[in-house]
Amino acid sequence: MQGTVVKSTGSWYRILSADGTVADARIRGKLRLQGLDTTNPVAVGDHVVIQAEGNTDLLVISEVLPRRNYLIRRSNNLSRQRQILAANLDQAALVVTLMAPATSTGFIDRFLVTCEAYHVPALLIINKTDMLAGAEEALMEFSNMYASLGYPVIPVSAKTGRGLDALDSLMAGKTSLISGHSGVGKTTLINRLIPGLGLKTGAISTAHEKGKHTTTFAEMHFLPEGGALIDTPGIRDLGVVDLEPREISHYFAEMRPLISKCRFNNCLHMQEPGCAVLLALEQGTIAPERYYNYLSILNNENVFR
Ligand SMILES: Nc1nc2c(ncn2[C@@H]2O[C@H](COP(=O)(O)OP(=O)(O)O)[C@@H](O)[C@H]2O)c(=O)[nH]1
Ligand SMILES: [Mg+2]
Ligand SMILES: [Zn+2]
């Protein structure tokens, strides 16, 4: 029987079958050893084959069907191991906040570069705009920077309801990953878009809980009008994985059309003569912040906020 993984705990997986039934399954030992070097061989969104184990009524995932796409991150900052966040996505939304705390553009650009590299359309949701009284200009500036690169930017407030209709239309009928730092309001937004879901919200507060190493995985929730949202645990860092230095500028939308105009075809746009990217930076058509984040990714620096 075939189905879709809708929840993953790392040791068992919840599968929604084509006939609408839901069952929990483990993975067959063999499966763990195959495929990508990831900590999780199966991810939410995966289409899998499940079958009964021997003569028992235990279900096992015996096969993961080919993925249309997936998003991946480093398991942690120092690790070379990879974790698949989710598979078979129509789009990935990054939920950000502009204050208390502000999500850094370094983190945002790493997310966007990862989405570009893995062929997943990305969009930005700015939440908690109710807290931006008097700072609408900063909101406009931020929105314009990313909208001009072609990314949809939706200012919302899960608290007041601002922008939720627009967000609903962007999510309808699609499978979307909802990503972002812990505490930005991902779960609150999902609860607003799926009335009656009632997921638990609120950032972890005590020092004890913060320090605890908890492995959490994604979960898929279905929209009433069709489509699904995949809630992910707060992402502290999203290390850009496995990119060649020369590839990176291809994933910056504003640099991509300039690359062929650089004098040297192996240009890294750092200080090479005749560099079209540096010229655009000088002329102000590339935002200094974006260029700075490009250099930071090139230098493999890690950004946590
Ligand atoms: N002021 C304000 N607070 C919000 C908003 N959305 C979520 N919150 C609060 O932010 C905290 C974290 O929300 P949660 O959904 O758990 O964040 P998650 O970690 O990204 O899933 C909770 O206390 C929410 O009530 C919003 O639009 N405005
Ligand atoms: Mg949450
Ligand atoms: Zn160049």
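Things worth noting here:
- Between the range 56-115 and the range 240-268, the Cα center-to-center distance that results, in Å: 23
- Between 0 and 90 degrees, the angle of helix 105-117 with respect to the longest Cα principal axis of the chain falls at about 70 degrees.
- Of all aspartates and glutamates in the structure, the ones whose alpha carbon falls short of 16 Å from that of LYS200, not counting any fewer than 8 places away in one chain, are GLU209, GLU219, ASP231.
- Value at 222 nm in deg cm²/dmol, rounded to 500, when DSSP H runs of n ≥ 4 in the chain each add -39,500 (n - 2.57): -6500 deg cm²/dmol
- Whether the range 84-123 is rounded, prolate or oblate, judged on the alpha carbon gyration tensor where a/c under 1.5 counts as rounded: prolate
- Among 221-229, 82-90, the order from most to least packed when residues are scored by Cβ within 10 Å on average: 82-90, 221-229
- Unpaired Cys in the chain, meaning no second Cys C-beta under 4.7 Å: CYS115, CYS275.
- Crossing angle, helix 288-298 versus the chain [Cα axis fit, 0-90 degrees, rounded to tens]: 60
- With coordinates expressed along the principal axes, the C-alpha atoms belonging to the chain extend over 69, 46, 40 Å, beginning with the largest.
- Only Cα sites of the range 70-231 enter the Debye sum here, all with the same form factor; the resulting log10 I(q)/I(0) across q = 0.15 1/Å is -0.86, listed in q order.
- Taking every protein chain into account, the accessible area of the range 245-298 amounts to 55 square angstrom per residue (probe 1.4 Å).
- The Cα atoms of the range 245-298 cover 24, 24, 19 Å along the three principal axes, with the biggest extent listed first.
- Mean separation of Cα contacts under 8 Å, 6 or more apart, over the residue count of the range 70-231: relative contact order %: 23
- Per residue, the average separation of C-alpha pairs within less than 8 Å and at least 6 apart gives the chain a relative contact order of 16 percent.
- Rolling a 1.4 Å probe across all protein chains gives MET140 an accessible area of roughly 110 Å².
- DSSP-defined beta bridges in the chain - what % are antiparallel, rounded to 5: 60
- The range 2-64: proportion of alpha-carbon pairs further apart than 20 angstrom, %: 17
- Expressed to the nearest 5 percent, the antiparallel share of DSSP beta bridges inside the range 70-231 is 35 percent.
- Highest-first arrangement of 169-181, 43-55, where packing means the average Cβ count within 10 Å: 169-181, 43-55
- 0 to 90° range, to nearest 10: angle between helix 136-147 axis and the chain longest Cα axis: 80
- With a Förster radius of 51 Å applied to the beta-carbon distance between ALA100 and ASN266, the computed FRET efficiency rounds to 0.75.
The values are calculated or read from the model by the stated rules, or taken from the named source; none is laboratory data. Note that the coordinates shown come from a computational prediction; the quantities given were computed from them, not determined experimentally. We place every Cβ from the backbone using ideal geometry, glycine too, and count neighbours over all the protein chains shown. Accessible surface areas use protein heavy atoms only, side chains included; no ligands, DNA or RNA. Shrake-Rupley method; radii C 1.70, N 1.55, O 1.52, S 1.80 Å.
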